[in-house]
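**Student:** Encoded as structure tokens, here's the structure I'll be asking about.
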Amino acid sequence: MNKVFILMKYFSLFFKLKSYTIVSLTCLLNLHATILEAQNFQENMTGKDTYTAICSSCHGIDGHATLSYAPNFVDGERLNQDLKQLVESVREGLGRMPPQEADLSDDQIMDAIKYAMSLNKKSM
């Protein structure tokens, strides 16, 4: 009887460890899938998505600046510059605006700038 009990306890312990391993592997796979999904989301963000997520906190959702020192895109402030110069300003930062080179590709920056340009009411 004692040997049976020990065997059952060992068998039970083995399956518990195995189930913990399966749970751990499942968690790791889910984490990896979530990271890949986040990367794909960032790569597929539109100019409006990028602008809303990153730029709107200072420049406003609709282009009306929320901070006194931020350009007001509804009035076209600073948007009349060359597109390459604007991309460089966003990538490297300008004044109080932090650089975005670590977070955004040049194409994403360009798309966000084009969206900001669409908010310009003076050009209409």
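Taken together, the values in this text are just the output of simple stated rules run on the coordinates, not laboratory data. Everything numeric here is computed off the predicted structure, so don't read it as measured data. Note that we place each Cβ from the backbone using ideal geometry, even for glycine, and neighbour counts take in every protein chain shown.
**Student:** Among TYR115, TYR51, TYR69, which comes first, then next, by fewest other beta-carbon atoms within 10 Å?
**Tutor:** TYR69, TYR115, TYR51
**Student:** Still on this structure, I have one more. How much net charge surrounds PRO99 when only the other residues with a Cβ under 11 Å from the Cβ of PRO99 are counted, with Lys and Arg +1 and Asp and Glu -1?
**Tutor:** Net local charge, PRO99 excluded: -3.
**Student:** Now, a different point. Compute the Cα gyration tensor for the stretch 47-118, then decide on rounded, prolate or oblate, letting a ≥ b ≥ c be the square roots of its eigenvalues: rounded whenever a/c is under 1.5, prolate when a/b is larger than b/c in the other cases, and oblate in all that remain.
**Tutor:** It comes out rounded by the Cα gyration axes.
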